[in-house]
């Protein structure tokens with residue numbers, strides 16, 4: 001399976017629109033003659049169009065240079081990741097590898113042909129002075145057929161897709177096309193083909209106005225899970241991180257605003273999210289620790305790196321990451337995973353358990369902040385040292401994450417004051433995170449030193465790195481206290497009075 005990031009823009013024009021000469025746009029020295037292509041794509045989706053509603057497009061296409069199965073993830077008009085898989089002559093169902101990538105969006109439901117799109121394309125290449133292809137421009141005559149509703153449409157559009165060019169080229173081409181009468185289009189061919197059925201949105205319970213920001217936040221985090229699923233399954237570090245953060249935000253929101261939902265369902269869903277978070281955390285923690293230790297070893301003068309330290313760390317964490325990714329794949333393939341997402345749908349799209357006032361929401365945000373402040377104050381003022389202090393600071397860090405997510409719920413309504421507080425909380429959270437990272441890194445170094453000693457290797461470098469981590473942690477604590485003071489200033493939090 002191949003995966004490519006597609007950066008393209010779409011345009012439409014009146015019947016008299018003609019593609020202008022694009023020479024001179026963003027370094028374009030020459031525009032090739034047109035190549036004619038006939039493309040025939042059948043798009044698959046669930047009965048309720050879950051893929052399309054989640055920003056996914058699954059098709060089996062014939063014709064062109066990349067015929068086969070394609071799964072696109074992302075909104076039209078922005079960067080989209082396309083997963084490509086070859087198709088056999090009698091291959092009517094998507095391959096298992098692709099099914100695994102859209103399983104979150106489909107909630108495990110089967111997919112079937114939903115629409116057919118036939119495109120007669122005239123494709124031009126935009127080349128620079130050295131003959132390098134900067135972009136491809138396609139003039140498309142499109143006919144679509146919704147295979148369920150029998151709706152048929154026909155239209156013309158222009159696609160501009162980057163190859164070796166950049167966004168400046170896209171901007172220059174956009175200006176030239178607008179001068180010629182073209183208009184930007186923000187929907188994909190598959191969305192336009194299914195537009196009639198997509199316009200009929202699934203029923204969503206009416207949300208109490210005061211609770212709407214919380215429910216909208218819940219929706220956004222649910223959507224982040226779905227959007228990051230394919231790349232996370234492949235171990236992409238950013239996707240694993242973003243998916244893990246979405247899980248944390250969901251769990252924190254269900255706890256902070258728990259009065260909005262039936263208590264038992266909310267707690268059971270939090271438990272299931274904790275299970276998913278553990279699978280993601282195993283991958284992400286191994287990735288982060290591998291990078292952290294690799295950087296630390298590389299920063300030392302060669303004469304202070306005694307023994308195969310770098311090789312041992314690389315081997316150890318390559319195994320840890322691979323094992324964690326296997327566990328994550330099993331979780332994604334389990335029946336538990338789509339059931340979790342379905343329960344989350346019901347909670348996010350259903351009726352809240354009770355009516356609340358805006359002041360109630362603000363009060364819950366304030367309580368989350370007070371809880372975090374209390375935990376950190378106790379950790380900083382107490383007499384605990386060593387593991388006890390580290391555990392207390394870690395609990396404070398988790399509480400500040402929950403508080404930050406609660407403030408995020410109110411940011412759209414509050415604006416700049418909430419943004420200022422969020423920035424202060426992020427600084428504080430990062431400092432606490434750095435301290436916790438040093439704690440975890442020291443424990444890993446201790447264990448690796450014991451293994452190295454057992455194998456007869458020199459353990460000097462492990463001790464040196466351990467000492468450096470301890471020194472960094474000692475430097476972080478005063479900064480934590482200062483950041484706590486900045487985030488707690490009255491002028492930063494005055495909007496919390498409601």
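Might you let me know whether region 193-215 holds any residue that is out of contact with any helix residue (DSSP H, G or I) (no Cβ under 9 Å at 6 or more places or on another chain) and crowded, with 18+ Cβ neighbours inside 10 Å? I'd like the intermediate steps shown before the answer.
Filtering region 193-215 down to residues out of contact with any helix residue (DSSP H, G or I) (no Cβ under 9 Å at 6 or more places or on another chain) leaves 193, 195-196, 199-200, 206, 212.
Pick out the ones that are also crowded, with 18+ Cβ neighbours inside 10 Å and you get 193.
Yes - at least one qualifying residue is present in region 193-215.
Each residue in region 216-225 was checked for being within 21 Å of residue 358 (Cα to Cα) and surrounded by 18 or more Cβ atoms within 10 Å (Cβ to Cβ), and 2 pass. Here residue 436 clears all of (1) surrounded by fewer than 16 Cβ atoms within 10 Å (Cβ to Cβ); (2) closer than 23 Å to residue 291 by Cα; (3) at pLDDT below 95 except the condition numbered (1).
Filtered by the rule that a residue be in a helix (DSSP H, G or I) and free of Cβ contacts under 8 Å to residues at least 12 places away in the same chain, region 385-440 gives 387, 388, 389, 391, 398, 411, 416, 419, 423, 430.
Note on region 67-165: enclosed strands (runs of 3 or more DSSP E) holding 3 or more residues that are over 30 Å from residue 235 (Cβ atoms) are 112-127, 133-146, 152-162. In region 86-114, the residue that is surrounded by the most Cβ atoms within 10 Å (Cβ to Cβ) out of those that are at pLDDT 90 or above and closer than 14 Å to residue 41 by Cβ is 114.
Yes/no matrix, rows are residues, columns are (1) within 32 Å of the chain's Cα centre (by Cα); (2) part of a strand (DSSP E or B); (3) touching a residue at least 12 places away in the same chain (Cβ under 8 Å); (4) surrounded by 15 or more Cβ atoms within 10 Å (Cβ to Cβ):
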site: 5; (1), (2), (3), (4): yes, yes, yes, no
site: 10; (1), (2), (3), (4): yes, yes, yes, yes
site: 18; (1), (2), (3), (4): no, no, yes, no
site: 22; (1), (2), (3), (4): no, no, yes, yes
site: 28; (1), (2), (3), (4): no, no, yes, yes
site: 38; (1), (2), (3), (4): no, yes, yes, no
site: 43; (1), (2), (3), (4): yes, yes, yes, yes
site: 57; (1), (2), (3), (4): yes, yes, yes, yes
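Within region 226-244, the set of residues being surrounded by fewer than 21 Cβ atoms within 10 Å (Cβ to Cβ), in a helix (DSSP H, G or I) and touching a residue at least 12 places away in the same chain (Cβ under 8 Å) comprises 231, 237, 241, 242. Tell me, please, whether a residue that is out of contact with any helix residue (DSSP H, G or I) (no Cβ under 6 Å at 6 or more places or on another chain), under 24 Å from residue 225 (Cβ atoms) and crowded, with 16+ Cβ neighbours inside 10 Å can be found in region 132-152. Taking every residue of region 132-152 in turn, none turns out to be out of contact with any helix residue (DSSP H, G or I) (no Cβ under 6 Å at 6 or more places or on another chain), under 24 Å from residue 225 (Cβ atoms) and crowded, with 16+ Cβ neighbours inside 10 Å.
The values are calculated or read from the model by the stated rules, or taken from the named source; none is laboratory data. Only a predicted model underlies this, so the values are computations on that prediction, with no experimental measurement involved. We place every Cβ from the backbone using ideal geometry, glycine too, and count neighbours over all the protein chains shown.
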